[in-house]
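Written below as structure tokens is the structure these notes are about.
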Amino acid sequence: PGTAAAGLPLTLVERPHPAWTITRANLVMHGRGDNPQLLRELAVVPQLAASWKKSLQQKIESD
């Protein structure tokens, strides 16, 4: 938790799911949402926001 702003340093504290970068998660959620397996894999990441989990579940169920 904290605030980020331009010019401030950031320190990576942990990376519990190295395969799921922000870029990859966004591509699956918003760009390449046609792969049900990736949707399911992303939906079970515990750190994912509840709203994203809900959206992913809806995409999975509509497939």
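Coordinate-derived values only; no laboratory data. In this text, all values refer to a predicted model and were calculated from it rather than measured experimentally. Cβ atoms come from the backbone with ideal geometry, glycine included; neighbour counts cover every protein chain shown.
Quick look at the numbers
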{"item": "Rg/Rg_ref, the chain, where Rg_ref = 2.2 N^0.38 Å and atoms are Cα", "result": "1.29"}
{"item": "His17, His30 arranged by Cβ crowding within 10 Å, fewest neighbours leading", "result": "His30, His17"}
{"item": "Residue order, fewest to most surrounding Cβ atoms within 10 angstrom, among Ile22, Ile60", "result": "Ile22, Ile60"}
